[in-house]
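Inspection log for the structure reproduced underneath, given as structure tokens.
Every number here is computed from the coordinates shown, using simple stated rules; none is lab data. What you see is a predicted model; the values in this text were computed from it and never measured. Heads up, the Cβs are rebuilt from the backbone with ideal geometry, glycines too, and the neighbour counts pull from every protein chain shown.
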Amino acid sequence: MENQSYYSLKTDKTEYVSGETIKISGITNNNTINIQVYDPSDCLLNSVFLNVYSNIFTYNMKLSNKNTSGNYKIRSILDDRQEKFHKIKFSAYNYGDIEIMIPGYDESKTFAKKICAIPSENIKITWKNMDSDLHTATSFDQHTGMPDGKFDTGFIGPHNVSTLTIDILDNEKIYYFCKLHPWEKGVLYRGDWDASSDDLYRFDSVHQTISKEETKKLNILLRHLEPPEIDSLKFDNVSNITTRLLTIVFWDISGFSKACRPLDISSDLLLNFLRDYFDTAKKIISKYGGLRDKFIGDGVMALFGMQYREDDGAHIAKNEVLDALEFRTKFQDIKSKWMDEWKRFIHDMDDLQIDLKCGINTGRVISGNLGALCGLDQITAIGTHVNLASRFCDLAKGRQILVSSTTKNHIERSFEINHIGKYPIKNIGKYDVFEIIGTSSLGQSSVIQVPELGHGKFVDWKIPPKIVRGESTKIFAKFLGSVDFGFFTFCITDSIGEVKFFEDKSSIDSYLNIGKLHVKNDIYSNEWEFTIPTYLKPGKCKAEVAVYEDTNRLMNERNRIAFAQKEILLV
């Protein structure tokens with residue numbers, strides 16, 4: 001028994017990506033051991049004989065993106081032909097292609113790939129949220145535990161993704177966490193590093209930058225808006241109970257009660273149709289800048305204008321009518337699909353007629369988080385103009401879109417509209433009723449999005465990792481948002497704290513000396529050059545691109561709308 005061979009085999013991880021090194025190790029009482037690595041097609045990739053000292057053997061093998069993605073097999077063989085097998089998973093990411101999962105069912109809602117090797121300096125990373133909760137991936141300073149501005153995905157909704165371009169220096173580590181769940185941490189690194197998951201948990205002081213109260217507000221907004229809209233929206237803008245000018249819309253499926261009777265025998269057929277219908281409603285409402293209020297049976301209520309300024313009322317009403325026209329078209333596709341499906345299982349469906357009808361009205365209503373008055377958070381609107389939109393929906397027949405005179409006055413140049421008469425509206429009075437036929441060649445039929453000014457983010461930007469003092473340096477940035485009298489800046493803070501600002505001259509009115517960018521929910525991008533002065537001290541320093549807005553058009557009252565930072569080397 002004393003002469004019997006023994007050994008173990010392991011790797012430092014079970015999953016690897018391009019550029020990483022497989023660290024194979026084990027223990028044996030033999031003098032030599034043969035290590036073999038096989039690719040997913042079971043072809044021998046590498047074979048090496050190792051001399052064993054002090055009963056320990058180690059072998060490092062670097063993987064490149066030329067290796068095939070998939071499951072690899074590591075085989076170790078002793079002199080007496082004893083053998084063991086060990087499996088690993090390898091992903092051969094090409095430039096700009098890394099995916100990090102955020103599952104809600106794995107490891108108590110932590111990032112699935114806590115430690116991720118980055119093979120190149122500039123790379124696209126996609127975070128995919130597999131959870132039923134909101135998440136973020138936000139970089140933080142490992143010394144202070146506070147976000148450091150290197151990257152932030154924003155809120156990623158359930159089963160959605162966020163993709164960012166990350167700049168990372170050689171031998172750099174960037175730590176990140178979820179602002180809503182600060183115990184969820186990860187790290188991106190480039191270069192040689194003996195990575196350990198324990199390293200992440202040395203930073204117990206990571207600050208929860210979003211409080212429990214703010215988290216509650218986010219969850220309320222998630223009932224009404226899609227995550228990308230929430231990211232740039234102030235909760236108080238829509239939550240405060242006040243009087244607002246809104247365009248209110250109701251949809252209802254005519255003939256739906258008759259359809260329910262035969263479909264009662266198969267609830268799945270009915271529920272899957274409704275899921276398709278409601279999912280389409282959510283996407284279209286979001287596309288045109290609306291806020292979904294509630295689903296009532298087969299009815300849908302939405303509000304347009306909750307987060308916008310009142311002088312955008314015409315644009316808001318226009319968007320709502322475009323929304324209604326698109327939903328009516330999409331509903332025909334949904335109806336055709338499900339009618340064919342229903343007929344496969346249920347007879348006598350040929351005479352069934354269902355259509356999407358709609359009622360729209362514009363007026364001043366009381367709106368906000370009215371549900372909070374009774375302890376049930378619900379952003380909604382009440383008032384005569386809400387009731388009027390509902391009554392117009394009741395009045396509509398077939399595929400009609402009916403609007404009030406106030407809505408018609410906002411949109412008449414953009415749409416073909418028929419006056420169908422003056423109708424008594426129960427408990428309200430007599431009103432002129434108009435039908436939307438389609439878009440007009442005189443008007444603008446494309447969606448007009450008009451978010452509140454002073455919101456936005458960088459969707460792409462490039463600062464060189466190394467800048468030479470006294471030489472011309474190119475900076476690139478692409479901003480998505482809304483600013484009035486805005487401008488770009490580039491800022492460097494050197495190794496001793498000296499700060500130098502550079503303004504993008506193309507975004508500055510040189511005569512008035514104020515910003516001249518006017519962007520309404522659009523992209524503004526620019527590449528500009530600066531020469532960094534030689535008096536700045538060399539070494540590691542921080543660089544920042546930012547968009548500012550001139551508040552009240554004064555140079556001394558500026559509001560920073562968006563910024564992006566990275567650590568660079570100044571030489």
Going by amide H atoms built from the backbone, whose H comes under 5 Å of the H on ILE100, apart from near neighbours? THR126, TRP127, LYS128
So, R0 is 56 Å and r is the distance between the beta-carbons of LEU271 and ILE27; what FRET efficiency does that work out to, to 0.05? 0.45
Explain nothing, just compute: Karplus ³J(HN,Hα) = 6.51 cos²θ - 1.76 cosθ + 1.60, θ = phi - 60°, for every residue of the range 67-77 in order, whole Hz, x for Gly and Pro. 6, 7, 5, x, 8, 9, 10, 10, 10, 10, 10
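Using 27 Å as the Cα-Cα cut-off, could you pick out the over-long pairs in LYS114/LYS283; LYS258/LYS422; LYS128/LYS282; LYS179/LYS478?
Numbers: LYS114/LYS283 32 Å; LYS258/LYS422 30 Å; LYS128/LYS282 21 Å; LYS179/LYS478 24 Å.
Going by Cα-Cα distance, LYS114/LYS283; LYS258/LYS422 fall outside the 27 Å limit.
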What is the ratio of the Cα radius of gyration of the range 233-439 to 2.2 N^0.38 Å, where N is its residue count, to two decimals? 1.05
Please work out how much length the chain gains when fully extended from SER472 to ILE346, using 0.36 nm per residue of separation minus the C-alpha to C-alpha distance, in nm with one decimal. 38.0 nm
If the reach is capped at under 16 angstrom between alpha carbons, list the lysines near LYS66, excluding any in the same chain fewer than eight residues apart. LYS89
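Fewest to most neighbouring Cβ within 10 Å: what's the order for THR138, THR473, THR126, THR58? Mind dumping the intermediate values first?
Values: THR138 23, THR473 20, THR126 15, THR58 12.
So the residues, fewest neighbours to most, are THR58, THR126, THR473, THR138.
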Once amide H atoms are built 1.01 Å from N in the peptide plane, which residues 5 or more positions from HIS135, or in another chain, come under 5 Å H to H? ILE156
Karplus-derived 3J(HN,Hα) from phi for the range 353-360 (6.51 cos²θ - 1.76 cosθ + 1.60, θ = phi - 60°), whole Hz, x at Gly and Pro, runs 10, 10, 8, 9, 10, 8, x, 9
In straight Cα distance, which lysines are under 21 Å from LYS500, not counting same-chain residues fewer than 8 positions off? LYS150, LYS462, LYS466, LYS474, LYS537, LYS540, LYS542, LYS566
Just rank PHE304, PHE415, fewest to most, by other beta-carbon atoms within 10 angstrom. PHE415, PHE304
Label-point gap, in nm, between GLU121 and ASN46 - each point 7 angstrom along Cα→Cβ: 2.6
Give a residue-ordered list of calculated ³J(HN,Hα) values for the range 401-418 (Karplus: 6.51 cos²θ - 1.76 cosθ + 1.60, θ = phi - 60°; whole Hz; x for Gly, Pro). 10, 9, 10, 7, 5, 5, 5, 4, 5, 6, 10, 4, 6, 9, 9, 8, 10, 10
Can you list the residues of the range 164-191 with backbone N under 13 Å from a point 7 Å past the Cα of VAL571, pointing along Cα to Cβ? 170
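In what order do LYS397, LYS294 fall by count of nearby beta-carbon atoms within 10 Å, going from fewest to most? If you can, show how the numbers build up before the last one.
Values: LYS397 9, LYS294 13.
Sorted ascending by nearby Cβ count, the order is LYS397, LYS294.
How high is the FRET efficiency between ILE523 and ASP484 when r is their beta carbon distance and R₀ equals 22 Å, given to the nearest 0.05? All intermediate terms of the calculation are to be shown ahead of the outcome.
Numbers: r = 16 Å, r/R0 = 0.73.
For ILE523 and ASP484, the calculated efficiency is 0.85.
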